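In what follows, a single structure is set out as structure tokens and then discussed.
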Amino acid sequence: MYTQYKQMNSLIVLSQSDSRPMYLQIMEQVRQKVAVGEWKPGEGIPSIRALAVELQVSVITVKRAYLELEREGIIVTQHGKGSTVARDPDLGPRLYEQEFQEHLRQAARIGMLLGFSEDEIAERLRATAMQLETEAS
Amino acid sequence: MNIAMVKRLIWKDWYLNRAAILFSLIGGMVTLALVASSHGSNIVMILGLIVIVTILIGMGSMVMASAVTERKQQTLPFVMSLPISYVEYTTAKIVGSLLIFLVLWTVMLVDILATILLAPGFPHGLIPFVVIMSVEILMSTCLVTAVAVTTESQGWTVGVAQVGALSLNWIGWWIVRFPDIGGAMRSATVRWSGTATALLSTELAAIALLLAITFFIQARKKDFI
Amino acid sequence: MIDFAVEFSGVTKRYKHFTLDCIDLKLPTGCILGLVGANGAGKSTTLRILMGLVHQDAGTVEVLGHTMPDQQALAKLEIGFLSEDMRLYGAPTLEWHMNFMRSIYPHWDGAYANSLLGRFDLKAKQRIKGMSHGQRVKAALLLALARRPQLLVLDEPTTGLDPIARREVLGELMAVLADEERTVLFSSHNTLDVEQISDQITFIDRGRIVESADKEAFLDRWRRLRLVLPPNTRLPGLPGVVAIGGSSRLPVVTTNRFEPAVVSACTERGVAVQSVDVMTLEEIFIASVESRREGGAL
């Protein structure tokens, strides 16, 4: 039995309770769309202004997100022509690799802030991976 | 000066006060008709006159107070957000208010004069006195308008309106004392005297001065809100 | 296209109990600026001077290339203004107001006005005095938007609105910016709204501009650091410290010039950094104003 859902025009949905800066949220969602294949390489994506209006978010925030995404090689912005997903066949797997790397950095940084040594951090990571495996089976 | 905008503002005030204008017009004319049909009975004449003057002044004040109302009802920011300068706003308020009043005033004056001239039992010698008093009412109204527009305060405007209405009586009595005026009132023919001319000119000059002062004060204002 | 929709230069206005002191403001075309300040800080005065409704005592004001207040009639032809203390005429209907506007503004877009009626859930034939507060605000906004202004100036546009109305209003404000030649300036003490949609943010307090920068810069530079000091250690000198709270062993440092180097500077000296917290615009505003009022230099 299905309830009737309101068709949302936004392809991207931002969460007010997410404490991360908005530009990071936007970046993550764009990366996911590319990784999943919803936005294909070479395909046009909403212009900065159009996305800003749709999300009700400042232009400058979207601009920043797009700049960072371009730096990561995920999108390409041509002045006056708008933005497109970068043409790169390995984009999908590279994206995941990049996300993994980013999460590792974060974990390591937090561990260091908490005063853990490198060995301790590695040990905790191994323990967590093992626990996940146990839960999955 | 953007005449088109001034006209629109005047139309706006007329539209917003259309009920009051219409009622006053009808009320005044009905009263006059009653007075005219009374065939010169003094009491009815005087009563009728009082009613007319009251309507004129009362309604006049209400409309004049549109300047005060704008501030009271906080529509002034809305009006001033329109593409007008403050001079244009002032012009619209003054001209608009006086125009409404003048229409009624002219109708009243013509009606009174016609009644005196055509209806039986009214000595034509009344005419100079009536004219002078009518312009006196006009002057009083200009004063109320000036006060309303420059002070935008209900207190001041109502105060001046009441003083004006009361002093009308005294001025009336004072004018009648002039032998050229009072003495001529009962005559069957119109006797226009030099005194009458002098009084009339003074009144008109006073009106011009009032308006000039109003514009001057408004032009010097630095805060419109 | 003019570079700056609004330029204030050394604008000063003196009242009996309040002075707007030397206000400098530059709003680029196509930008949306949020003016944040407490009640009585000078937001409304600034906007009134912008509209030519109040003459400044000193300084110059240029709006859309016109000098204010002298050329205000010309400027206001391209400006849509909404203020908190503004009321429409109670007796006439919204339709009457719309027709009145149509007769005045050459750029009046009737189709857009009608679509706004639907989006704002308003009835044209309803008298203004029969509307709720939120409906009146939206009605006034409709009148300002439908004339397709080059500049929208709004004093507290979302104050007193329910969440649905708020979202509708914010949505329409943003829609204005879809055209990159249109500019929006709004004042608010609702920092959530300002944080969400502003490109540029200016703080005003007690008649003075406290800070002005683009939004991302604000959010990037301000951080709250929770530190753990080992016994008998003093807090290291850190850049841009605005306030220090917490206790002597567990200080909480608020800084407006954060960089990652700050963290390493702490850990190097044996000070553990428990967390580096991003601050909301509200927290930034409060910290900024409080430190300034206490005379702290930024």
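The values are calculated or read from the model by the stated rules, or taken from the named source; none is laboratory data. Please read these numbers as outputs of a predicted model, since none were measured by experiment. Quick reminder, even Gly has a Cβ in these numbers, built from the backbone with ideal geometry, and neighbours come from all protein chains shown.
May I ask you to verify whether C:L116 is more than 11 Å from every other protein chain (Cβ to nearest Cβ), at negative phi, buried (at least 17 other Cβ atoms within 10 Å of the Cβ) and within 24 Å of the chain's Cα centre (by Cα)?
yes
Do we find that C:T255 is under 28 Å from C:I204 (Cβ atoms), buried (at least 20 other Cβ atoms within 10 Å of the Cβ) and at pLDDT 85 or above in this structure?
Against the criterion (under 28 Å from C:I204 (Cβ atoms), buried (at least 20 other Cβ atoms within 10 Å of the Cβ) and at pLDDT 85 or above), C:T255 qualifies.
I'd like the residue in the stretch B:78-99 that is among the aliphatic types (A, V, I, L, M) and under 9 Å from B:I10 (Cβ atoms) and, out of all such residues, is nearest to the other protein chains (Cβ to nearest Cβ).
B:A92
Name every residue in the stretch C:19-45 that is of a type in the set (S, T, N, Q) and more than 11 Å from every other protein chain (Cβ to nearest Cβ), in order of residue number.
Initial filter on the stretch C:19-45 (of a type in the set (S, T, N, Q)): C:19, C:29, C:39, C:44-45.
Matches in the stretch C:19-45: C:T19, C:T29, C:N39.
Scan the stretch C:225-251 for residues that are part of a loop (DSSP other than H, G, I, E, B) and farther than 17 Å from C:G270 by Cα and jot them down.
C:P239, C:G240, C:S247
Specify the residue that is nearest to the chain's Cα centre (by Cα); the eligible residues are those in the stretch C:22-36 that are buried (at least 21 other Cβ atoms within 10 Å of the Cβ) and hydrophobic (A, V, I, L, M, F, W, C).
Among them, the one singled out is C:L35.
So which helices (runs of 4 or more DSSP H) stay within the stretch A:34-137 end to end and still have 2 or more residues that are touching an Asp or Glu at 6+ places or on another chain (Cβ under 6 Å) and at negative phi?
A:59-71
Restricting to the stretch B:182-225, and then to whatever is of a type in the set (V, I, T) and farther than 18 Å from B:V147 by Cβ, can you tell me which residue is nearest to the other protein chains (Cβ to nearest Cβ)? Step through it out loud before you land on a result.
Just the residues of the stretch B:182-225 that are of a type in the set (V, I, T), to begin with: B:189-190, B:195, B:197, B:202, B:207, B:213-214, B:217, B:225.
Filter once more, keeping what is farther than 18 Å from B:V147 by Cβ: B:189-190, B:195, B:197, B:202, B:225.
Numbers: B:T189: 50, B:V190: 46, B:T195: 47, B:T197: 42, B:T202: 37, B:I225: 5 Å.
Among residues in the stretch B:182-225 that are of a type in the set (V, I, T) and farther than 18 Å from B:V147 by Cβ, the one nearest to the other protein chains (Cβ to nearest Cβ) is B:I225.
Which ones in the stretch A:116-130 are loosely packed, with under 12 Cβ neighbours inside 10 Å and closer than 23 Å to C:P260 by Cβ?
Of everything in the stretch A:116-130, those that are loosely packed, with under 12 Cβ neighbours inside 10 Å and closer than 23 Å to C:P260 by Cβ turn out to be A:S117, A:E118.
If C:E259 satisfies every condition in (1) within 29 Å of A:R64 (Cα to Cα); (2) assigned by TED's automatic domain parsing to the domain that holds C:M51; (3) among the charged types (D, E, K, R) but one, which is the exception?
Going through (1) within 29 Å of A:R64 (Cα to Cα); (2) assigned by TED's automatic domain parsing to the domain that holds C:M51; (3) among the charged types (D, E, K, R) one by one, C:E259 breaks only (2).
Condition first: more than 12 Å from chain B (Cβ to nearest Cβ) and surrounded by fewer than 24 Cβ atoms within 10 Å (Cβ to Cβ). Now tell me which residues in the stretch C:46-57 satisfy that.
Across the stretch C:46-57, there are no qualifying residues.
Which numbered condition in (1) under 18 Å from the mean Cα position of the chain (by Cα); (2) within 11 Å of chain B (Cβ to nearest Cβ); (3) free of Cβ contacts under 8 Å to residues at least 40 places away in the same chain is the only one that C:K76 fails?
Among (1) under 18 Å from the mean Cα position of the chain (by Cα); (2) within 11 Å of chain B (Cβ to nearest Cβ); (3) free of Cβ contacts under 8 Å to residues at least 40 places away in the same chain, C:K76 violates only (1).
Testing C:D70 on (1) surrounded by fewer than 21 Cβ atoms within 10 Å (Cβ to Cβ); (2) within 11 Å of chain B (Cβ to nearest Cβ); (3) in a helix (DSSP H, G or I), one condition comes back false. Which one is that?
With (1) surrounded by fewer than 21 Cβ atoms within 10 Å (Cβ to Cβ); (2) within 11 Å of chain B (Cβ to nearest Cβ); (3) in a helix (DSSP H, G or I) applied to C:D70, the lone miss is (3).
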